[in-house]
Amino acid sequence: MDKQTRESRQAPLIHVDNIHKSFLMGKEAVQALRGITLDVARGEIVCLMGPSGSGKTTLLNIIGGLEEPSRGHVIVDGENVVTLSEDRLSEMRLTKMGFVFQNYNLLANFTARENVEVPMALRGL
């Protein structure tokens, strides 16, 4: 195993550094996330818990490249998610991430199994 491979395996799979996210609601800025820092190791299981409106979904969306932070950095498997192109983000989500959305973004005419099979088919599995 070369040095770069060893270092990438030792580095956290997900590194979130000082993430802030604010939204405009009318004329008022609402702070959804304030200075979130988090490391997730390969194979580690993490549970985000908190009351409704505490920023859990916003944080997951930022890690997955679905939203941009107002400031801060997100590194997933050695890549800075904030600076990736849309094409590279799509590829990363296809090959390295899985999302189960709270609003059930499923294909309406497909069974649950078929919905799971779609990304697998896109990867040639």
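The values are calculated or read from the model by the stated rules, or taken from the named source; none is laboratory data. On a predicted model such as this, the values are computed, not experimentally measured, just so you know. A quick note on method: Cβ atoms are made from the backbone with ideal geometry, for glycine too, and the neighbour counts reach across all protein chains shown.
Here are some notes:
- Evaluation of Met25 against (1) surrounded by 10 or more Cβ atoms within 10 Å (Cβ to Cβ); (2) out of contact with any His (no Cβ under 7 Å at 6 or more places or on another chain) (one fails), failing number: (1)
- Out of Arg71, Arg6, one residue alone is of a type in the set (D, E, K, R), more than 21 Å from Gly98 (Cβ to Cβ) and modelled with pLDDT under 90. It is Arg6.
Condition check ((1) touching a helix residue (DSSP H, G or I) at 6+ places or on another chain (Cβ under 9 Å); (2) exposed (fewer than 10 other Cβ atoms within 10 Å of the Cβ); (3) among the acidic types (Asp, Glu)) across all residues:
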site	(1), (2), (3)
Val30	no, no, no
Ser52	no, yes, no
Thr58	no, no, no
Pro69	yes, no, no
Glu79	yes, no, yes
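- Among the residues making up the range 84-97, a single one is farther than 22 Å from Ile36 by Cα and outside any helix (DSSP H, G or I): Ser85.
- Whichever residue in the range 93-109 is at pLDDT 85 or above and farther than 23 Å from Cys47 by Cβ and, among such residues, is surrounded by the fewest Cβ atoms within 10 Å (Cβ to Cβ): Asn109
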